[in-house]
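S.K.: One structure coming up, written as C-alpha coordinates, with questions to follow.
The values are calculated or read from the model by the stated rules, or taken from the named source; none is laboratory data. None of these values were measured; they are calculated from a predicted model. Cβ: placed from backbone, ideal geometry, glycine included. Neighbour counts: every protein chain shown. Please note that ligands, DNA and RNA were not included when accessible areas were found on the heavy atoms of the full protein model with its side chains. Shrake-Rupley method; radii C 1.70, N 1.55, O 1.52, S 1.80 Å.
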Amino acid sequence: MPFYRRIPKRGFQNITKKEYELVKIGQLAKFPAHSEITPETLRQANLIKNSSLVKLLGDGEISIPINVKVHACSKSAKEKIEKVGGKVEIV
(Lines give C-alpha, C1' and ligand atoms only; values in the text may rest on other atoms or scores of the structure.)
Protein backbone atom coordinates (compact mmCIF):
# COMPACT_ATOMS: atom_id res chain seq x y z
CA MET A 1 0.00 0.00 0.00
CA PRO A 2 1.40 3.47 -0.83
CA PHE A 3 2.71 5.65 1.96
CA TYR A 4 0.09 8.40 1.54
CA ARG A 5 -2.70 5.86 2.08
CA ARG A 6 -1.09 4.34 5.20
CA ILE A 7 -0.93 7.64 7.12
CA PRO A 8 -4.20 8.64 8.84
CA LYS A 9 -5.87 11.77 7.54
CA ARG A 10 -6.46 14.77 9.78
CA GLY A 11 -8.80 17.73 9.38
CA PHE A 12 -7.90 21.27 8.46
CA GLN A 13 -6.37 23.35 11.28
CA ASN A 14 -6.82 27.10 10.89
CA ILE A 15 -3.63 28.64 12.28
CA THR A 16 -5.07 32.17 12.39
CA LYS A 17 -8.21 31.29 14.39
CA LYS A 18 -8.71 33.33 17.56
CA GLU A 19 -10.05 31.48 20.59
CA TYR A 20 -11.92 33.75 23.00
CA GLU A 21 -12.82 33.13 26.63
CA LEU A 22 -16.50 34.08 26.98
CA VAL A 23 -17.77 36.18 29.89
CA LYS A 24 -21.42 37.15 30.35
CA ILE A 25 -22.60 40.48 31.78
CA GLY A 26 -24.51 38.70 34.54
CA GLN A 27 -21.19 37.35 35.86
CA LEU A 28 -19.81 40.90 36.22
CA ALA A 29 -22.56 41.94 38.66
CA LYS A 30 -20.53 40.69 41.65
CA PHE A 31 -17.82 43.32 41.12
CA PRO A 32 -18.16 46.62 43.05
CA ALA A 33 -19.46 49.75 41.33
CA HIS A 34 -17.02 51.89 39.32
CA SER A 35 -14.42 49.12 39.34
CA GLU A 36 -11.93 48.54 36.52
CA ILE A 37 -12.29 45.03 35.09
CA THR A 38 -9.41 43.63 33.02
CA PRO A 39 -8.58 40.08 31.88
CA GLU A 40 -6.28 39.75 34.91
CA THR A 41 -9.09 40.57 37.37
CA LEU A 42 -11.38 38.13 35.57
CA ARG A 43 -8.76 35.39 35.93
CA GLN A 44 -8.33 36.16 39.64
CA ALA A 45 -12.11 35.90 40.08
CA ASN A 46 -12.01 32.48 38.32
CA LEU A 47 -14.30 33.61 35.48
CA ILE A 48 -11.74 32.67 32.83
CA LYS A 49 -8.95 30.08 32.75
CA ASN A 50 -6.17 32.22 31.28
CA SER A 51 -5.91 35.86 30.36
CA SER A 52 -5.37 35.43 26.62
CA LEU A 53 -8.41 36.77 24.69
CA VAL A 54 -11.68 37.73 26.38
CA LYS A 55 -15.06 38.39 24.73
CA LEU A 56 -17.93 40.01 26.62
CA LEU A 57 -21.44 38.74 25.86
CA GLY A 58 -24.75 40.47 26.60
CA ASP A 59 -26.49 37.66 28.50
CA GLY A 60 -27.85 38.72 31.87
CA GLU A 61 -28.52 42.08 33.49
CA ILE A 62 -26.28 44.61 35.20
CA SER A 63 -27.29 47.56 37.36
CA ILE A 64 -23.94 49.00 38.49
CA PRO A 65 -21.59 51.15 36.37
CA ILE A 66 -18.31 49.38 35.64
CA ASN A 67 -15.33 49.99 33.34
CA VAL A 68 -14.40 46.92 31.29
CA LYS A 69 -11.27 46.33 29.19
CA VAL A 70 -11.70 43.29 26.92
CA HIS A 71 -10.50 42.12 23.51
CA ALA A 72 -13.98 41.83 21.94
CA CYS A 73 -17.50 42.81 22.95
CA SER A 74 -20.96 42.12 21.58
CA LYS A 75 -23.16 45.03 20.60
CA SER A 76 -25.83 44.22 23.21
CA ALA A 77 -23.25 43.99 26.02
CA LYS A 78 -21.81 47.38 25.12
CA GLU A 79 -25.29 48.96 25.05
CA LYS A 80 -26.24 47.51 28.46
CA ILE A 81 -23.04 48.69 30.15
CA GLU A 82 -23.21 52.19 28.67
CA LYS A 83 -26.89 52.49 29.62
CA VAL A 84 -26.07 52.17 33.35
CA GLY A 85 -23.14 54.59 33.10
CA GLY A 86 -20.22 52.23 32.52
CA LYS A 87 -17.59 52.14 29.80
CA VAL A 88 -16.26 49.40 27.50
CA GLU A 89 -12.75 49.66 26.08
CA ILE A 90 -11.44 47.30 23.41
CA VAL A 91 -7.81 46.42 24.11
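S.K.: Just need a number here: residues in the stretch 22-51 that are within 16 Å of Val84 (Cβ to Cβ) and in contact with a helix residue (DSSP H, G or I) (Cβ under 7 Å, 6 or more places away or on another chain).
M.R.: Going through the stretch 22-51, the residues within 16 Å of Val84 (Cβ to Cβ) turn out to be 24-37.
Okay, now just the ones that are also in contact with a helix residue (DSSP H, G or I) (Cβ under 7 Å, 6 or more places away or on another chain), so 25, 37.
Going through the stretch 22-51 one residue at a time, the tally reaches 2.
S.K.: So which residues in the stretch 61-85 are closer than 15 Å to Ala29 by Cα and among the small types (Gly, Ala, Ser)?
M.R.: Step one: list which residues in the stretch 61-85 are closer than 15 Å to Ala29 by Cα, which gives 61-68, 77-78, 80-85.
Matches in the stretch 61-85: Ser63, Ala77, Gly85.
S.K.: Let me ask something additional. Residues that are touching a Lys or Arg at 6+ places or on another chain (Cβ under 9 Å) and open to solvent by less than 40 Å² (accessible area, probe 1.4 Å): which helices (runs of 4 or more DSSP H) entirely in the chain hold 3 or more of them? Even if it seems obvious, please write down each step before you answer.
M.R.: Details: elements: 3-6, 39-44, 75-83.
It comes to none.
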